[in-house]
Amino acid sequence: MSDADSNQPLKKTPLNALERELGGRMVDFGGWELPVQYSSILDEHRAVRERAGIFDVSHMGEITVTGPEALQLLQQTTCNDVSKLENGRCQYNGLLYPTGGFVDDILIYKRADNDYFVVVNASNTDKDYEWLADCAKSSDVDVENVSQSYAQLAIQGPRAEELLQPLTDIDLRSMKYYRFATGSVHGIPALVSRTGYTGEDGFEIYLSPEESPRVYRRVLEAGRPFEILSCGLGARDTLRLEAKMALYGNDIDHSTTPVEADLGWIVKMEKGDFFGRDVLQREVADGPRRKLVGFEMIDRGIGRHGYPVVEGGEEVGVVTSGTQSPTLKKAIGLAYLPLAAAAVGREFEVVIRGKETRARVVPTPFYKRAK
């Protein structure tokens, strides 16, 4: 989330009018007017964990990277190994600065050789596009910001496949996690991927902005027997935090590296040179200065973004995300701690409204769905 210019009118997704009609409580999210909730965050959260929910994520940005040197550009600017992608597969990746810090965390879809579709965080769209375009200047690559051409819907939850399959000509049953296909949904051309930001099974649908309200209504209608709910940013945040999925601007940013953020699994040293490789190699060899850990509160209270973390009266870190977990019924969060203080079971204090409140490091993710 970025600080939007307060004088700028809020951007609206193509579903804005429908969201208002459905009773969405609209808020400013990084310069976008988006629903924080419809019914209640708790009900929407439970719907996704137990049945199905639908989210408008059309604020996300889309960038195409095409041409003979598209792969080289993406390999140079990211830490995961893009060469491992086959057509029809996507990958979670870090777009990095030479310092090893995040430009953004992104999804890369390989549509064909020399043809990649990159999904970026809303508040970073222009920055990511300019960064990639600048890095591509002397290469045979075309980088294009195509965000205006797409709306994005996310259908998430254990019954997502059952709900969506009758509406699409794509065989969802044979689609594995982090795979995608093009076809149609409710007769509308679409790209559908088995991905999401909730820790549940589910799908993300990319389609034309003009047709998105019609498809959204159809999904709601088809989802009635499953008690599907429209879901807002509030449930999206509690769901992603339980699954320990990083939020750019909270848990990761230009000052944090993938190794510090406990995302070492997306760092592939063996692929060769890439921005920040020397920094990450040092952190892998020597251990990073600090590490993002999961914690639960021992005392009453919720550690929230920006709250100081202290040990022995000395400030040693900061909370990046925190909430009352609807699934676990306890207060959980993420915080950066010095490596020496990051072991599971280690206790520390979070300063909540001036009071030192006990917490302990716990294994993550906090929640993992049954396969």
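Screening VAL259 on (1) in a loop (DSSP other than H, G, I, E, B); (2) out of contact with any Pro (no Cβ under 6 Å at 6 or more places or on another chain); (3) outside the structural domain of GLN37 (by TED's automatic domain parsing); (4) under 20 Å from LEU107 (Cα atoms) shows it passes everything except condition (2). Pairs are defined by a Cβ separation below 8 Å, a sequence spacing of at least 6 or placement on different chains, a first member in the range 124-140 that is buried (at least 20 other Cβ atoms within 10 Å of the Cβ), and a second member that is of a type outside the set (Phe, Trp, Tyr) and at pLDDT below 95; the pairs so defined are ASN124/SER2. Scanning the range 225-247 for residues that are surrounded by fewer than 22 Cβ atoms within 10 Å (Cβ to Cβ) and closer than 18 Å to LEU96 by Cβ returns a single hit, LEU247. Taking the range 195-212 as the range and being surrounded by fewer than 21 Cβ atoms within 10 Å (Cβ to Cβ) and closer than 15 Å to LEU167 by Cβ as the test, only GLU211 passes. Residues that are loosely packed, with under 15 Cβ neighbours inside 10 Å and among the charged types (D, E, K, R) within the range 263-317 comprise GLU270, ASP273, ASP278, ARG282, ASP286, ARG289, ASP299, ARG300, GLU314, GLU315, listed in sequence order.
Can you say whether GLU347 is loosely packed, with under 15 Cβ neighbours inside 10 Å and either closer than 20 Å to THR256 by Cβ or touching a residue at least 12 places away in the same chain (Cβ under 8 Å) (or both), as far as the supplied structure shows?
Values: loosely packed, with under 15 Cβ neighbours inside 10 Å: yes; either closer than 20 Å to THR256 by Cβ or touching a residue at least 12 places away in the same chain (Cβ under 8 Å) (or both): yes.
Yes: the conditions hold for GLU347.
Yes/no matrix, rows are residues, columns are (1) closer than 28 Å to LEU263 by Cβ; (2) in contact with a helix residue (DSSP H, G or I) (Cβ under 6 Å, 6 or more places away or on another chain); (3) crowded, with 19+ Cβ neighbours inside 10 Å:
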| site | (1), (2), (3) |
| --- | --- |
| ASN16 | no, no, yes |
| GLY24 | no, no, yes |
| GLU33 | no, no, no |
| GLN37 | no, yes, yes |
| LEU42 | no, no, no |
| SER83 | yes, no, no |
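Here PHE275 fulfils each of the conditions (1) assigned to a helix (DSSP H, G or I); (2) in contact with a Pro (Cβ under 6 Å, 6 or more places away or on another chain); (3) of a type in the set (Phe, Trp, Tyr) apart from (1).
Residue under question is ASP104, and the condition is that it be buried (at least 21 other Cβ atoms within 10 Å of the Cβ), within 20 Å of the chain's Cα centre (by Cα), farther than 30 Å from ALA47 by Cα and in contact (Cβ under 8 Å) with a residue 60 or more places away in the chain; does it hold?
Working: buried (at least 21 other Cβ atoms within 10 Å of the Cβ): yes; within 20 Å of the chain's Cα centre (by Cα): yes; farther than 30 Å from ALA47 by Cα: no; in contact (Cβ under 8 Å) with a residue 60 or more places away in the chain: yes.
For ASP104, the condition - buried (at least 21 other Cβ atoms within 10 Å of the Cβ), within 20 Å of the chain's Cα centre (by Cα), farther than 30 Å from ALA47 by Cα and in contact (Cβ under 8 Å) with a residue 60 or more places away in the chain - is not met.
Checked against the criterion of being assigned by TED's automatic domain parsing to the domain that holds PRO225 and touching a residue at least 24 places away in the same chain (Cβ under 8 Å), the candidates GLY53, GLY94 yield just one match: GLY53.
Checking each residue in the range 175-220 for being more than 13 Å from ILE155 (Cα to Cα) and acidic (Asp, Glu) picks out GLU210, GLU211.
Take the residues in the range 158-167 that are farther than 21 Å from PRO213 by Cβ and touching a residue at least 60 places away in the same chain (Cβ under 8 Å); name whichever of them is farthest from the chain's Cα centre (by Cα).
As a first pass, look at the range 158-167 and keep what is farther than 21 Å from PRO213 by Cβ: 158-159, 161-162, 165.
Those left that are additionally touching a residue at least 60 places away in the same chain (Cβ under 8 Å): 158-159, 162.
Details: PRO158: 19, ARG159: 21, GLU162: 24 Å.
In this case the residue turns out to be GLU162.
A Cβ distance below 6 Å, combined with a sequence gap of six or more or placement on separate chains, defines the contacts here; from the range 209-237, residues that are in contact (Cβ under 8 Å) with a residue 24 or more places away in the chain reach residues that are of a type in the set (S, T, N, Q) in the pairs GLY232/GLN37; GLY234/GLN37. With the requirement that a residue be among the small types (Gly, Ala, Ser), touching a residue at least 60 places away in the same chain (Cβ under 8 Å) and in contact with a strand residue (DSSP E or B) (Cβ under 7 Å, 6 or more places away or on another chain), what does the range 181-201 give you? Those that are among the small types (Gly, Ala, Ser), touching a residue at least 60 places away in the same chain (Cβ under 8 Å) and in contact with a strand residue (DSSP E or B) (Cβ under 7 Å, 6 or more places away or on another chain): ALA181, SER193. Of the residues screened, PHE180 is not one that is in the same structural domain as ARG89 (by TED's automatic domain parsing), modelled with pLDDT of 95 or more and in contact with a Cys (Cβ under 9 Å, 6 or more places away or on another chain).
Look at (1) outside any helix (DSSP H, G or I); (2) under 24 Å from GLY88 (Cα atoms) and you find that LEU132 fails only one, number (1).
The values are calculated or read from the model by the stated rules, or taken from the named source; none is laboratory data. As the structure is a prediction and not an experimental result, all values here were calculated from the model. Note that each Cβ is placed from the backbone with ideal geometry, even for glycine, and that neighbours are counted across all protein chains shown.
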